[in-house]
Amino acid sequence: MELITTTDQLAAACERLAQHPVITVDTEFLRETTYYPLLCVVQMASADDAVVVDTLAEGIDLAPFFALMNNEAVLKVFHAARQDIEIMVHRNGVVPHPIFDTQVAAMVLGYGDSIAYDQLVERVTGHRPDKTHRFTDWSRRPLTEEQLHYAVSDVTHLRDVFAKLDADLKKRNRSDWVSEEMKILTSPKTYDFHPERAWERLKTRVRKPKELAVLMEVAAWREQEAQSRDVPRSRVLKDDAVGDIATHAPTSLEKLANLRSLPKGFERSKWGSDILAAIRRGIDRDPNTLPKLEKPRGNGNGAATVELLKVLLRMTSERHAVASKVIATVDDLEQIAINDNADVGALQGWRHELFGKDALALKHGRLALAMEKGRVIRVERS
């Protein structure tokens, strides 16, 4: 294992790693007190090499690392890659390609929904990774020997995990399934996040167009404020407060002060008037410019249809040993209950073949579910 602290060392290491068709990659970062993650350490391994890069070392230029991430001849293997890629896009502006995400592969192979790295390593290799430094402060220097050992073990174990999962995917003819997921994960649109879309992250349910308009404007204001100050969104305004504001749409500082979800005296801060301005923009917004607020309805039994689809999803997941989360989300099921041609993942590609066709058949009565000897079974209907 080599600790890299200079640009020359990094360039030499990346040149060596680039000679291999597959490398494993992981990062250590902090984002508890910032909006943008602070990249602290990068660890990489090939079949016969492993390095730990101190990304906070004075004067180090990460250009050789980003060039390696963009090298089309090298497959980069991550576990739960989205946050790692988000950091690289923020620092370099380019999405690494090609990549392989072992968490996605594990879901496709039936290891469960979003399995943690240490659990996957133990199930695949029998090793129990040391989790001691999972929540260590990676920004402190110097890095300890224990931290370096922890960092490098992440990518060395990942080599064995990748080899096993890749072989299983090929054996079960599911490599293309993972490839479809990697297209989404490496799409620039996945990381092209603008403040006006910030409301999509919120779990708050709004029922009226005016509430949605206010939610969109307040969420966008919070996102811009968090970005400009480089602080977490919750430091500006908590999610429940954003939802509360959208529901009540206070139009004065006095009414804003009455919201229990806001800290006492918040309305007197410099943000009070900013929030009122965002609320006003939402109230004044043309309803025709808003996304549609759709709810499962159809024949009046939309909620019941969704529940039946959930049962079918669970059956499909167990039958094919694929995590239900990677087949369809609850939002997918709700959209299918409304619209046979919904633009959702469950009605596209391999998911359509595995589940989508049956979901539509169940919705229209061509497929039924029944109990037999204590088990739910499928019943084909003509």
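The values are calculated or read from the model by the stated rules, or taken from the named source; none is laboratory data. Predicted, not measured: the structure shown is a model, and the values here were computed from it. Please note: Cβ atoms are built from the backbone with ideal geometry, for glycine as well, and neighbour counts cover all protein chains shown. Remember, those area values only see protein heavy atoms, side chains included, never the ligands or the DNA or RNA. Shrake-Rupley method; radii C 1.70, N 1.55, O 1.52, S 1.80 Å.
List of remarks:
- For region 129-142, 3J(HN,Hα) computed residue by residue from phi via the Karplus equation (6.51, -1.76, 1.60; θ = phi - 60°) reads x, 6, 9, 4, 9, 4, 10, 6, 7, 6, 8, 7, 10, x Hz, glycine and proline entered as x.
- Shape class of region 97-155 from the Cα gyration tensor (axes a ≥ b ≥ c, square roots of the eigenvalues): prolate, since a/c reaches 1.5 or more and a/b is larger than b/c.
- Matching label, Cα extents along the principal axes in Å computed from the structure shown, candidates [x] 101, 50, 30; [y] 65, 62, 34; [z] 67, 39, 38: [y]
- The amide H of L75, built 1.01 Å from its N in the peptide plane, has V22, I23 as neighbours under 5 Å, considering only residues 5 or more places off or on other chains.
- Each Cα pair under 8 Å and six or more residues apart adds its separation to the average, and for the chain the resulting relative contact order is 14 percent.
- If R0 is taken as 56 Å, the Cβ-Cβ distance between R268 and K357 corresponds to a FRET efficiency of 0.45.
- Estimated distance in nm for a label pair at E15 and A163, the labels positioned 7 Å out from Cα along Cα-to-Cβ: 2.8
- Carbon plus sulfur fraction of accessible area for the chain, probe 1.4 Å, in percent: 48
- FRET efficiency estimate (nearest 0.05) - Cβ-Cβ, A116 to A73, R0 30 angstrom: 0.45
- Between the C-alpha center of region 1-47 and that of region 142-193 there is a gap of 14 Å.
- Spherically averaged projected area in nm², based on the convex hull that wraps the Cα atoms of region 114-196: 8.2
- DSSP-defined beta bridges in the chain - what % are antiparallel, rounded to 5: 65
- For a paramagnetic label modelled on D331 (point 7 Å from Cα along Cα→Cβ), amide N atoms under 16 Å away belong, within region 154-193, to 184-185, 189-193.
- For region 104-109, 3J(HN,Hα) per residue [Karplus equation, 6.51 cos²θ - 1.76 cosθ + 1.60, θ = phi - 60°, Hz, x = Gly/Pro]: 5, 4, 5, 5, 5, 9
- Cα→Cβ-extended label distance, 7 Å offset, between D176 and D286, nm: 4.4
- Ellipticity estimate at 222 nm from DSSP helix runs (n ≥ 4, -39,500 (n - 2.57)) divided over the chain, nearest 500: -14000 deg cm²/dmol
- If you model region 45-168 as an ellipsoid using its alpha carbon gyration tensor, with each semi-axis the square root of five times an eigenvalue, the axes come out at 24, 20, 13 Å, biggest first.
- Computed across region 175-248, the Kirkwood radius stands at 13.7 Å (inverse of mean 1/r, all Cα pairs).
- Extension gain from H364 to D49, taking 0.36 nm per residue of separation minus the Cα-Cα distance: 107.8 nm
- The H on the amide N of I4, modeled in the peptide plane, is under 5 Å from the matching H of V52, V53, D54, each at least 5 residues off or on a different chain.
- Of all DSSP-defined beta bridges confined to region 14-141, some 65% are antiparallel rather than parallel.
- Difference of contour (0.36 nm per residue) and Cα-Cα distance, D240 to K183: 17.2 nm
- Full-extension gain in nm, V311 to T144, via 0.36 nm per residue minus C-alpha separation: 55.2 nm
- Shape category assigned to region 10-74 from the gyration tensor of Cα positions, a/c cut at 1.5: prolate
- Estimated vicinal HN-Hα couplings, Hz - region 286-293 in sequence order (Karplus 6.51, -1.76, 1.60; Gly, Pro = x): 5, x, 5, 8, 8, x, 6, 8
- Label-point separation, E58 to A321 (7 Å along Cα→Cβ), nm: 5.5
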